[in-house]
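Working notes, structure below.
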Amino acid sequence: MRPVDAAPRHGIARVISKLGVCSRTQAQALVRAGRVRLNGRIVSDPETPALAGRDRISIDDADIGAAQRIYLALNKPRGFVTTASDERGRRTVYELLGKSPDGAEVLPWVAPVGRLDQASEGLLLFSNDSEWAARLTAPESHVDKTYHVQIDARVDVALLAALRAGSVVDGEDLRAKSVREIRAGEKNSWLEIVLDEGRNRQIRRLLDAFGISVLRLIRVAVGAVELGTLAKGQWRFLTSEEVAALRSSARSAT
């Protein structure tokens with residue numbers, strides 16, 4: 001029986017990923033290519049047990065430790081998919097992350113924290129801190145996400161109430177935490193919609209249940225982090241205060 005205070009071992013590919021060095025898929029490929037050593041011995045099985053902080057892990061004979069934690073915000077343009085590569089040849093958000101805003105520094109590996117679909121735009125977070133990211137995206141975290149949504153209809157009090165009440169779509173109970181109109185045109189309106197859960201295409205599916213189409217969908221905030229004046233296609237590092245605020249929001253909501 002393992003002692004109660006003994007740290008658990010995980011597959012070496014998972015350990016490398018948790019250290020923030022690269023994605024788990026990339027780590028698996030490195031192991032299978034014979035480029036990873038565990039305590040001086042080449043391993044070829046990504047599930048070989050390893051313990052971060054105790055076992056010596058090296059890639060191409062260079063010892064690795066926990067990578068510097070990176071937290072950043074991207075203003076995702078419409079038309080980009082939230083994935084590292086796309087089998088259909090579509091442009092991915094990683095094309096926008098090659099260098100720092102001044103064009104000098106190449107970023108280490110980071111993963112998206114949540115997603116935005118191809119037609120959506122706005123604030124998308126990235127990090128190589130997998131524990132921080134998992135806490136933010138856990139279903140029980142209920143971190144607020146704020147969207148500005150242009151729709152092809154004029155709204156009234158009854159429609160706003162119906163959107164707040166929600167609708168069952170494909171067996172899922174879809175609803176918004178809050179909805180308000182922020183701007184109106186002759187034939188369309190802009191809504192501010194706040195969600196505290198992350199169901200697939202939730203806003204589009206909810207509005208479609210009421211016969212309403214989305215013309216534009218922009219995420220403008222995640223918790224206390226706002227899109228602000230960040231230019232489309234550009235990114236910035238989060239401040240330490242923003243990182244801590246998101247961590248606190250996820251913790252207090254669980």
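Read the figures in this text as sums done on the coordinates, not as results from a lab. Quick caveat, the model's predicted, so the values are computed rather than measured. Note: ideal-geometry Cβ built from the backbone for every residue, glycine included; neighbour counts use all protein chains shown.
Taking Lys and Arg as +1 and Asp and Glu as -1, the other residues whose beta-carbon sits under 14 Å from that of GLN28 total +3.
Restricting the trypsin sites (Lys or Arg not before Pro) of region 151-254 to loop positions (DSSP other than H, G, I, E, B) with no more than 10 neighbouring Cβ atoms within 10 Å leaves LYS187. Net length available on complete extension from ASN200 to GLN26 is 60.1 nm, with 0.36 nm assigned per residue and the Cα-Cα distance removed. Spacing of the modelled spin labels on GLU47 and SER85, each 7 Å from Cα toward Cβ, amounts to 2.4 nm.
Across all Cα atoms of the chain, the radius of gyration (one decimal) and Dmax (whole number) stand at 21.2, 71 Å. From helices alone, the chain scores -6000 deg cm²/dmol at 222 nm; the rule is -39500 (n - 2.57) for each run of n ≥ 4 DSSP H residues, then divide by the residue total. For region 124-254, the relative contact order comes to 34 percent (Cα pairs under 8 Å, sequence separation of at least 6). Couplings 3J(HN,Hα) of region 222-228, computed from phi: 10, x, 8, 8, 10, 5, x Hz, in residue order, whole Hz [Karplus 6.51 cos²θ - 1.76 cosθ + 1.60, θ = phi - 60°; x for Gly and Pro].
Which of the GluC sites (Glu not before Pro) found in region 50-144 are in a DSSP loop and have at most 12 neighbouring Cβ atoms, other than their own, within 10 Å?
Details: sites: GLU87, GLU95, GLU105, GLU121, GLU131, GLU140; in loops: GLU87, GLU105, GLU140.
Hits after loop and neighbour filter: GLU87, GLU105, GLU140.
Modelled label positions at ASP61 and THR92, each set 7 Å beyond Cα in the direction of Cβ, lie 3.1 nm from each other. Count Lys and Arg as plus one, Asp and Glu as minus one, and take only other residues whose Cβ is under 14 Å from that of VAL43; the net charge is then +2. Of the trypsin sites (Lys or Arg not before Pro) found in region 65-97, those that fall in a DSSP loop while having at most 10 other beta-carbon atoms within 10 Å are ARG88.
Across the options ASN188, ALA209, ALA158, the greatest Cα extent toward the positive end of the charge dipole of region 145-222 (unit charges at beta carbon of Lys, Arg, Asp, Glu) belongs to ASN188. Relative contact order, whole percent, for the chain stands at 20, derived from Cα pairs under 8 Å and 6 or more residues apart. Partner lysines whose Cα lies under 26 Å from the Cα of LYS232, excluding those fewer than 8 positions away in the same chain, are identified as LYS76, LYS99, LYS145. Calculated from the alpha-carbon coordinates, region 10-63 shows an Rg and a Dmax of 9.2, 23 Å respectively. Spin-label pair ILE70-ARG216: with each label point 7 Å from Cα along the Cα-Cβ axis, the two points sit 3.0 nm from one another.
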